[in-house]
Every structure is written in structure tokens, then in C-alpha cells.
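Please read the structure below before turning to the comments.
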Amino acid sequence: AYLRIAEGCDNVCSYCIIPAIRGPYRSRRIENIVKEAEELAASGKKELILIAQDVSAYGKDIYGGFVLYKLLRELCRIDGIKWIRLLYCYEDSITDDLIETIRDEEKICDYIDIPLQHINDRILEDMNRHSTSASIRDTISRLRSAIPDIHIRTTFITGFPGESEEEFEELQDFVEETKFDRLGVFSYSPEEDTPAAEMPDQIDSDVKDARRDAIMELQREISLENNKKKIGSVLETIIESKNDDGTYSGRTRYDAPEIDDGVILVSDTELNPGDFVYIK
């Protein structure tokens with residue numbers, strides 16, 4: 001089940017219209033979220049996927065700080081919930097408290113989605129992002145140091161207005177050196193009534209798409225390399241369905257539904273959706 005913990009957004013990225021549509025950031029109260037989570041658990045849900053425009057900013061408006069870690073500790077106490085997954089965390093609000101909570105709480109999947117969008121400082125500034133190249137690298141280092149098996153998902157934008165060939169190559173080099181576990185790339189698309197749509201030096205679609213494809217091709221190789229490292233390991237997997245050929249489809253704790261890797265497995269024992277099994 002997807003569990004929305006906040007509405008709206010305060011980030012005002014120059015390419016995004018969402019703050020104008022959904023308004024400012026508004027967190028739900030912890031007790032309200034916990035009550036809904038308890039109801040979901042009672043209905044048989046095993047995995048909670050926390051969502052908001054910016055999950056890691058949770059609580060800043062009503063509790064005076066980034067307190068996602070406090071909410072997570074409450075959710076981890078709910079019987080019946082086995083996995084908790086975090087989507088859409090902004091790099092600049094990933095605190096040490098949050099990292100330590102992911103590390104220490106067994107129910108929280110060692111998985112985090114951090115939409116970074118770029119690595120070049122000039123483009124990050126034009127995007128009105130709060131991150132810098134240095135802060136991004138530091139956060140990734142802190143996550144991987146504290147949680148060695150953390151799987152980081154991210155997204156990037158190619159062809160943002162004014163992106164030079166050198167700035168694109170900087171992004172490409174960053175992807176190659178960082179070896180993200182999960183990665184998606186979008187060609188920049190101008191949204192009406194956003195500052196980025198009015199910026200000079202808009203880039204031709206074929207250039208934007210070629211840059212997107214180049215990074216995705218690079219990521220294909222990285223993903224294959226990462227997957228091969230898993231051969232021989234034992235991974236906990238949730239069963240999602242039985243296939244017509246008698247195999248089963250599932251996901252590991254490192255995979256969000258519909259966007260990440262899946263697992264196809266065989267079993268001598270009859271399995272049902274929602275079962276957790278260990279696969280080799």
C-alpha cells in the first residue's frame with residue numbers, strides 16, 4: 001500500500017509546476033498516519049511505501065524539523081507490517097537521524113529513492129535545487145558507509161536549458177563512478193508557466209534524447225554488473241503473482257513495485273501473493 005505522509009511542495013524547482021498546483025508543503029500528523037497504517041495492516045497489507053513530493057522533509061511545517069525518523073520508528077511498531085520503503089527523498093533533507101533509523105530498524109528496507117536530477121553545480125543552481133555536487137557526493141557516501149547494502153534509486157534530467165556537452169559529460173562520469181543500483185533518465189520537457197521553460201538556450205529534442213539514451217545504455221551495463229554480484233546470495237522476496245507457466249513473480253526488499261527489478265522463481269511449495277520466501 002502507498003501511504004501519503006504529506007501534500008504539496010516548497011522546493012520550487014525551476015522546471016516543475018507542482019508547487020503551483022498542489023500548494024505549500026503540508027505534513028499529516030504522526031498519529032493520523034499511524035492510524036491509517038494500522039488499518040492497512042489489519043486489512044492484510046505487508047509493505048508500506050511512504051510517498052510525498054518530498055518524503056524526507058516530513059514534519060518541518062508542523063514539528064519544526066525533519067522528523068521522518070520519528071514517524072518511521074512509530075510505523076515499525078505496527079504488527080503485520082513487514083517492509084517499509086521510502087520514495088522521493090530530497091538529498092538536502094536526509095539527516096543523520098534518518099540514516100541511523102534506516103540502519104537500525106529491520107522493517108525499513110535498505111532502499112532509498114533520491115531524485116538528484118543533475119550533478120553539475122551551475123545546472124543545479126539553474127534548476128533551483130538546494131543540493132550541490134559536494135553535498136550529493138557526501139550524502140551518498142554517508143548512506144553507503146552506514147548501510148553497506150543500501151540500494152539507491154535516482155533520476156536525472158538530460159538537456160536542461162543551457163546544458164553544455166562538458167556538463168553532460170560530467171553527469172555521465174558521475175553515473176559511471178557512482179554505479180547507482182537503480183536509475184532512470186528523462187529528457188528535459190518544458191512545462192508551461194515554469195521559469196525553465198522561458199530560459200534561453202533550449203536544447204534540441206534529438207540532442208536531449210541522445211544524451212538520455214547514452215546514460216541509460218551506461219546504466220544497463222552497471223545494472224547487469226550489480227545483478228551478477230547477487231548470484232549465489234540469498235534474498236528475502238515477496239511473492240506478487242503466479243504465472244501461467246507455473247513460475248512465480250516477486251520482488252526483493254531492494255525493489256519498488258513497477259519501477260525496479262523483479263524476480264522470477266520456481267518453488268516446489270505452493271505460494272500465494274503476499275508470502276515472503278528466501279530465494280537463492
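The values are calculated or read from the model by the stated rules, or taken from the named source; none is laboratory data. All figures in this text were calculated on a predicted structure; none of them were measured in a lab. Ideal geometry is used to build each Cβ from the backbone, glycine not excepted, and the neighbour counts take in all protein chains shown. SASA here: full protein model, heavy atoms, side chains in, ligands and nucleic acids out. Shrake-Rupley method; radii C 1.70, N 1.55, O 1.52, S 1.80 Å.
Structure notes:
- About the Cα centre, charge dipole magnitude for the range 1-148 (Lys/Arg +1, Asp/Glu -1 at Cβ), debye: 280 debye
- Nearest-0.05 FRET efficiency for Glu36 and Lys228, computed from C-beta distance (R0 30 Å): 0.15
- Nearest-ten-degree value, helix 165-178 long axis tilted from longest Cα axis of the chain: 20 degrees
- Charge dipole of the range 158-280 (Cα centre as origin; +1 on each Lys and Arg Cβ, -1 on each Asp and Glu Cβ, all else neutral): 1000 debye, rounded to the nearest 20.
- Lys82, Lys228, Lys70, reordered so the largest accessible area comes first (probe 1.4 Å): Lys228, Lys70, Lys82
- Positive-end extreme of charge dipole, the chain - chosen from Ala42, Tyr63, Thr247 (charges on Cβ): Ala42
- In the chain, the longest principal axis of the Cα atoms and the axis of helix 30-42 are about 50 degrees apart.
- Nearest-ten-degree value, helix 133-146 long axis tilted from longest Cα axis of the chain: 20 degrees
- Where no second cysteine Cβ lies under 4.7 Å, the cysteines concerned in the chain: Cys9, Cys76, Cys89, Cys109
- Highest-MSF residue in the chain out of Leu50, Leu124, Leu265 [GNM, Cα springs under 10 Å]: Leu265
- Positive-pole candidate from Cys16, Ile279, Ala6, dipole of the chain, charges at beta carbon: Ile279
- Share of carbon and sulfur in the accessible heavy-atom surface of the range 80-148 [1.4 Å probe, %]: 41 percent
- Option label - Rg and Dmax of the Cα atoms in Å computed here, alternatives (1) 19.7, 61; (2) 20.6, 67; (3) 22.6, 74: (1)
- Candidates Asp244, Asp201, Asp149, ranked by Gaussian network fluctuation over the chain, Cα under 10 Å, top entry: Asp244
- Cα-centre dipole for the chain with unit charges at Cβ (Lys and Arg positive, Asp and Glu negative), debye to 20: 1300 debye
- Among Thr178, Thr132, Thr158: highest mean-square fluctuation, GNM of the chain, C-alpha pairs under 10 Å: Thr178
- Positive dipole terminus of the range 70-189, leading residue within Ile119, Phe160, Ile84 (C-beta point charges): Ile84
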